[in-house]
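The structure appears below as structure tokens.
What follows draws every value from the coordinates through simple rules; no lab data is involved. Predicted model, so just to flag it, every value in this text is computed and none were measured. Using ideal geometry, Cβ is built from the backbone for each residue, glycine included, and neighbour counts are taken over all protein chains shown.
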């Protein structure tokens, strides 16, 4: 192991924030303990910033913004490519940090958490080569200009991936940024700030202030010199940030909760449709906002779907995330572990059929925030486990009788972040995909597309991330009439 904590300790980064291109001790004296989800014991303390630190970070970003906004896209791309290169060079360090701080299996961290995070940076850099920041419509010029200083608030479940999904397009657009990562999984964020520093991004363009939501997050959303807030988190957090940000009429983009459907059409091949759906639901131990946690299946196929689901879950290896054989580590923190256990108990109390899993830890594990991968069947759409985001390795199987009913079930949620549709008649698959109220729909488990816009309908948020659409959230549009007319 490369030992991320020793690496950060050697550089004294655990006790510092990154403001104006300089690592420094924050103004306050508060700290947060990072708990190992495997041992349930503290493994590091990080320094937390306060409102004064936010003021300093915003001032640094505001001072850096004009110069950065005026740089050529090629220069911004150079910095982003340097960040991308450094992330890949330190991929193992990042993977081990993520595994330690939130329990991701090291194999999954290496395969997904780190390389997909790096892809956001590469895509943002490459998009700069051809993006039309100025284009003509007759004699009118349409200019796309960076919005200004952006406050970026990221969660604990995909800690590096969510950081790069915001920081990379913000910097590509020409904005300056203040990042508040989750205090529950801050190690990878500190490593990322070190990468930005070594990539020679100009001082003040990127700033990191660790802190809590009520202190640092609230100060950022309220700050009059922050032009935009981009938050990924719970719907509750999104509502609070939106209310506070409204005082200064700043732009707010939100990527929030989900209860995503996976609609299995009557002609779907169950052998190719069910197992990948279980895997998609439970990857990252179910701690993904767009995880397809509601599998909607033809009633006549229910018994076979249950059999395949139980067989698939039986192949999972839940255990030490640093072991090469492990497929699923622990839940990231105690609060989330307790919620998962509570919702499994709710499902049982509601009368759902327990296909596999259930409450408590898997056999042989007496410590750690480990949950049993759980599948419920014969679930009614009005049950709490079919409506509430559980954010753990829990799948609910809901039967239907007609395709119209299946679509109605898929849309019967306050959320609309992700969705899946499986079938062999592509005309029907496409028609159903168009009817689902969701920001993304995946048809027959396609490859991930980093250019595909990602974001929600309804209470899953507003705005879009990833690729060109993600960068455009950080741009203002200016029309200059008469720009092309002769003097």
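Before moving on, here are some points about what is shown:
- With neighbour counts taken as other beta-carbon atoms within 10 Å, the residues 263, 100 rank, fewest first, as 100, 263.
- Nearest-ten-degree value, helix 114-127 long axis tilted from longest Cα axis of the chain: 50
- Length added when fully stretched, residue 234-residue 424, from 0.36 nm per residue minus Cα-Cα: 64.9 nm
- In this label model, residue 334 and residue 243 are separated by 2.8 nm, measuring between points 7 Å along each Cα→Cβ vector.
- Remark: relative contact order (the chain) = 18 percent; criterion is Cα-Cα distance under 8 angstrom and separation of 6 or more residues.
- Each Cα pair under 8 Å and six or more residues apart adds its sequence gap; the mean of these over the residue count of region 231-301 is a relative contact order of 35 percent.
- Stretched out straight at 0.36 nm per residue, the stretch from residue 324 to residue 401 would grow longer than its current Cα-Cα span by 23.5 nm.
- Segment residue 443..residue 267, full-extension length gain: 62.0 nm, with 0.36 nm per residue of separation and the alpha-carbon distance subtracted.
- Model label zone, residue 411; criterion: amide N under 18 Å from point 7 Å along Cα-to-beta-carbon; scope region 435-474: 435-442, 456-461
- Distance between the C-alpha centres of region 315-345 and region 1-49: 24 Å, rounded to the whole angstrom.
- Residues 259, 250, 478, sorted so that the one with the fewest Cβ neighbours within 10 Å comes first: 478, 250, 259
- Region 1-141 - Rg and Dmax from Cα coordinates, angstrom: 19.2, 65
- Temperature 4 °C, viscosity 1.567 mPa s: under these conditions the Stokes-Einstein estimate for the chain, based on its Kirkwood radius over C-alpha pairs, is 56 µm² per second.
- Region 179-236-region 238-299 distance, computed between alpha-carbon centres (Å): 25
- Centroid-to-centroid separation of region 162-176 and region 387-428 [C-alpha atoms, Å]: 32
- Helix-only mean residue ellipticity at 222 nm for the chain, each DSSP H run of n ≥ 4 adding -39500 (n - 2.57), per residue, nearest 500: -11500 deg cm²/dmol
- Put in line by how crowded their Cβ is, counting other Cβ atoms within 10 Å and starting with the fewest, 457, 369, 445, 466 read 445, 457, 466, 369.
- Using a cutoff of 8 angstrom between alpha carbon atoms and counting only pairs six or more residues apart, the relative contact order for region 287-343 works out to 18 percent.
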